[in-house]
1. Which ones in region 171-184 are within 13 Å of Gln154 (Cα to Cα) and under 25 Å from the mean Cα position of the chain (by Cα)?
2. For region 297-311, enumerate the residues that are open to solvent by 40 Å² or more (accessible area, probe 1.4 Å) and more than 23 Å from Gln249 (Cα to Cα).
3. Among the residues of region 339-351, is any in contact with a Phe, Trp or Tyr (Cβ under 8 Å, 6 or more places away or on another chain) and open to solvent by less than 40 Å² (accessible area, probe 1.4 Å)?
4. Could you check how many residues of region 413-437 are more than 18 Å from Phe279 (Cα to Cα), open to solvent by 70 Å² or more (accessible area, probe 1.4 Å) and either part of a strand (DSSP E or B) or of a type outside the set (D, E, K, R) (or both)?
5. Hey, any hits in region 397-404 for a residue that's surrounded by 16 or more Cβ atoms within 10 Å (Cβ to Cβ), modelled with pLDDT of 95 or more, among the charged types (D, E, K, R) and not in a strand (DSSP E or B)?
6. Have a look at Val387, Val360 and point out the one that is under 29 Å from Trp77 (Cβ atoms), in contact with a strand residue (DSSP E or B) (Cβ under 7 Å, 6 or more places away or on another chain), open to solvent by less than 20 Å² (accessible area, probe 1.4 Å) and among the aliphatic types (A, V, I, L, M).
7. Test Thr448 against the stated conditions and say whether it is surrounded by fewer than 16 Cβ atoms within 10 Å (Cβ to Cβ), modelled with pLDDT under 95 and part of a strand (DSSP E or B).
8. Conditions: (1) out of contact with any Lys or Arg (no Cβ under 8 Å at 6 or more places or on another chain); (2) crowded, with 23+ Cβ neighbours inside 10 Å; (3) β-branched (Val, Ile, Thr). Val294 meets all but one. Number of the miss?
Amino acid sequence: MIIKLISFIFVYSRFTSANNLYPNYHLSPDRGWMNDPNGFCFFNGIYHLFYQHNPYSSYGPGIVHWGHAVSTDFFHWKHLPVAINPDQWYDDGGVFSGSCLVDAGKMYLYYTGNVNHEGETPDHSQYQALATSDDGYNIAKYEMNPIINGSEFQPDLRDPKIWKHGDKYYMVLGNSFKGESNETLGRILLWESSDKINWEKASILLESDGRLGYMFECPDFFELDGHWVLLFSPQGVKPEGDKYKNLYQTGHIIGDFSYDTKTFTPLYEFQELDHGHDFYATQTTLDEDGSRIVIAWMDMWDQNYPEMNQGFAGQMTLARRLKLGKNGILLQKPVKDIDAARGRLLHTGLTRGGKVIKLVNNTAEILIRSSPLQNLDVFIESEGNQVQISYDRQEGTITLDRGGKDAVRRTNWRPLGKLTWRLYIDSSSIELFCGNGEVTFSSRFFPTGPVSIRLGRQSIADNMTVRSMKQTVDISYPQPTAVETTTQSS
């Protein structure tokens, strides 16, 4: 009763505060903490997104659970009770990240069970476990868990992503290992199964040579437009100029893969998928039309953002459709269902420098078309806060400066034809899509009071259209914070 009362106070203050940071059309937890997306899938006509969740505190992951939300269009999300609890010997230190395989009309949820060993070295071990569901809502853990002990790959073996090819099943797992000089390096392992339960290691898909750090998290591996995409989040990559400035990165390598030899042959070097401050732990699925959709945690470790004080922490990016571009680039565009979140028109037409547009509920979709031969500056402003997004035609760069500590993110970009930006603002987040989606920025910001958009004094937009965005995430409250966990044989 006390927990429910505290939760009600958090939610009431959150949605009545003049400085409300809770998003309107991005998925965020109904309470507590959120990080990595998990189990992203389309099942029985509904999109399911599970996520790393602490239902009891917004100040850290704690002993993490799997949260759960559902949608028919990636925008109208409904929160559901906690899906998987850390209540078995192999996951009592946390139900870590994983994925969902939909097969024969059933959900197979694979995840990493974390076990802490306080005062020991190493101080944790990790096991791969399975849970299943016939309806997408009632979930039972497999009674013979764990399905992979991985004793020779401890202590860091996590984040399974599974798919089916022919009559075989495949899994990629993130791992760390000791290199020739005894340094810790990251790698991605490929596993194979004929029954979804008994797994054998098939190959090493990729190993770090030191430049890509000490651990590879959240691997994803899929075919796209005739090539293969290895998507993952390396930890320990050192900054290089404007590259790799976040604490941890997320990016991809485009290559070719052979099911016969189980080998991945890279065609391009590792490239960051997003250039903003807050983008990590991606996961993809196929939508009902067969398009590859990606979503990420729009936050970063060790940030301690002020939303924590409003009873929640973390949110997801917009769902984005992926296409393969030139030179190993992935193109990202918001899914077409974003039509469902659009609100009323606030401004459109030729826009000259100094123009100010006040937003409604601190939300907006902003479409800008401008000459590629001129610099462009857009300011997102509130009382005491400012974010500046700039295109420098001489340098061929785009910069997002959110002010404060670690303010600037920048990358190279020149428009092909007209300069085109698509910008999304949602209470405490900014997502920018440039051109055909070849460059994106995802960053959090924390305004004080109402937000407005201003075009820089020396800038001009041939066309600038600003729309408000609707409240699409179900904020009904409260929901149960836990469900009884059962076990069953597969």
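The values are calculated or read from the model by the stated rules, or taken from the named source; none is laboratory data. On a predicted model such as this, the values are computed, not experimentally measured, just so you know. Note that we place each Cβ from the backbone using ideal geometry, even for glycine, and neighbour counts take in every protein chain shown. These area figures cover heavy atoms from the full protein model, side chains too; ligands, DNA and RNA do not enter into them. Shrake-Rupley method; radii C 1.70, N 1.55, O 1.52, S 1.80 Å.
1. Leu173, Gly174, Asn175, Ser176
2. Scanning region 297-311 gives a single hit, Asn309.
3. yes
4. Residues meeting the conditions: 2.
5. yes
6. None of the other options fit; the residue is Val387.
7. Criteria not met by Thr448.
8. So the condition that Val294 fails would be (1).
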